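The structure appears below as structure tokens.
What follows draws every value from the coordinates through simple rules; no lab data is involved. Note that the coordinates shown come from a computational prediction; the quantities given were computed from them, not determined experimentally. Cβ atoms come from the backbone with ideal geometry, glycine included; neighbour counts cover every protein chain shown.
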Amino acid sequence: MYVCICRRITDKQIEALCKDGVTSLADVRARLGVANNCGRCGQHAREVVKQFTSQTRFVNAATA
Ligand code: FES
């Protein structure tokens, strides 16, 4: 699903970054350019990052 229409960024791309250790919207923004144009996607992108980082923490805790 597209999160940022301006940059054509999907939730899967954000998920891949989170799996690589990215934990903030600022980092996603710097790497993918999310919310750098019209800015309408900022809140949704933040929620996606939060969702994927919390899932990653849960998986890491379960395997530790
Ligand atoms: S929809 Fe993401 S910057 Fe416009």
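Summarising the label geometry, the points placed 7 Å from Cα in the beta-carbon direction at Arg8 and Ala26 lie 3.0 nm from one another.
For the chain, what's the relative contact order in percent, using C-alpha pairs closer than 8 Å and at least 6 residues apart? Walk me through the numbers before you get to the answer.
Working: 63 pairs, mean separation 22.9, N = 64.
Contact order relative to length: 36 percent.
Report, to the nearest 10°, how far helix 42-63 tilts away from the longest principal axis of the Cα atoms in the chain, using its own Cα long axis and a range of 0 to 90°. Long axis of 42-63 versus the principal axis of the chain: about 10 degrees. For the chain, the direction-averaged projected area of the alpha-carbon convex hull comes to 3.9 nm². The label-point distance for Met1 and Cys38, in a model that sets each label 7 Å from Cα toward Cβ, rounds to 1.8 nm. Amide H contacts under 5 Å for Ile9: Val3, Cys4, restricted to partners 5 or more places along the chain or on a different chain, H placed in the peptide plane at 1.01 Å from N. Each Lys or Arg adds one and each Asp or Glu takes one away; over the other residues whose Cβ falls under 9 Å from the Cβ of Ala35, this sums to +4.
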